[in-house]
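Engineer: Please find one structure pasted underneath; my questions will follow.
Values in this text are rule-based calculations from the coordinates and carry no lab data. These figures come from a predicted structure and were not determined experimentally. Cβ atoms come from the backbone with ideal geometry, glycine included; neighbour counts cover every protein chain shown.
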């Protein structure tokens, strides 16, 4: 037996011994650990941040207000690092600003079509909800309602959805009609035999 063959035999025996000793040391069936040692238990403040939803009709929007002018410096400070100074997207974050294509809706047939808030997002209220829940990536839930309204106004204005001067709040934001709104329908299926 040459050296290479002896090494393979040694490794096979070692693995067999390790496996058999691991099996022998278990007296109970496999049980998941009670705790994996990752993260921490959520406190009430953390739960409140993620347990609120803003629905397409605006239900759940908090008090507050914002404008694109107020959102511009916030975007530069809190968002541009990932999404680019003009919302053009980077390796860290997707493109947010852009209305092309203005005619048609190629997203189901063209895998290279880039989805943005201006050409794909169906509801302005859920822009607010997403920013509130998930952004900035390094500190989700850290923005105050007025900041989120301002960022939402900035994104909508840059996507030519609202005028730069518009003030958005819980009353005006649900009235904003997104360019792709009619491309989406609510799923009203109830399940069971009605789904084919």
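Engineer: Nearest 10 degrees, 0 to 90: what angle lies between the long axis of helix 124-134 and the longest principal axis of the chain (Cα atoms)?
Structural biologist: Approximately 40 degrees, to the nearest ten.
Engineer: Going by how many other beta carbons lie within 10 Å of each one, how would you line up 167, 185, fewest first?
Structural biologist: Numbers: 167 16, 185 7.
Result, fewest neighbours first: 185, 167.
Engineer: Related question: Report, to the nearest 10°, how far helix 3-24 tilts away from the longest principal axis of the Cα atoms in the chain, using its own Cα long axis and a range of 0 to 90°.
Structural biologist: 80
Engineer: Out of every Cα pair in the chain, what percent are spaced more than 30 Å from each other?
Structural biologist: On the way: 8307 of 19110 pairs.
Of the Cα pairs, 43 percent sit more than 30 Å apart.
Engineer: Among 18, 97, 168, 148, which comes first, then next, by fewest other beta-carbon atoms within 10 Å? Before the final figure, lay out each step's value.
Structural biologist: Values: 18 10, 97 21, 168 29, 148 26.
The order, fewest Cβ neighbours first, is 18, 97, 148, 168.
Engineer: For helix 68-78, what angle does its Cα long axis make with the longest principal axis of the chain, in degrees from 0 to 90 and rounded to 10?
Structural biologist: Result, in degrees: 20.
Engineer: Evaluate E = 1/(1 + (r/R0)^6) for residue 47 and residue 110, where r is the Cβ-Cβ distance and R0 equals 45 Å; express this FRET efficiency to the nearest 0.05.
Structural biologist: Numbers: r = 40 Å, r/R0 = 0.90.
Between residue 47 and residue 110 the formula returns 0.65.
Engineer: Shape verdict for the range 80-150, please, from the Cα gyration tensor: rounded (a/c under 1.5), prolate (a/b greater than b/c) or oblate. Present the calculation step by step, with values, prior to reporting the outcome.
Structural biologist: Working: a/c = 2.35, a/b = 1.64, b/c = 1.44.
The shape class here is prolate.
Engineer: Provide 135, 178, 1 in ascending order of the number of other Cβ atoms located within 10 Å of each residue's Cβ, fewest first. List each step's numbers first, then the result.
Structural biologist: Values: 135 20, 178 23, 1 8.
Ascending Cβ contact count within 10 Å gives the list 1, 135, 178.
Engineer: What is the distance, in nm, between label points placed 7 Å from the Cα along the Cα-to-Cβ direction at residue 10 and at residue 77?
Structural biologist: Rounded to a tenth, the inter-label distance reads 6.3 nm.
Engineer: With an 8 Å Cα cut-off and a minimum separation of 6 or more residues, compute the relative contact order for the chain in percent.
Structural biologist: Numbers: 244 pairs, mean separation 50.4, N = 196.
Relative contact order here is 26 percent.
Engineer: Highest mean first, how do 151-157, 112-118 rank when packing is the count of other Cβ atoms within 10 Å averaged over residues? Display every interim value, and only then the final one.
Structural biologist: Details: 151-157: 26.9, 112-118: 16.7.
Going from most to least packed, we get 151-157, 112-118.
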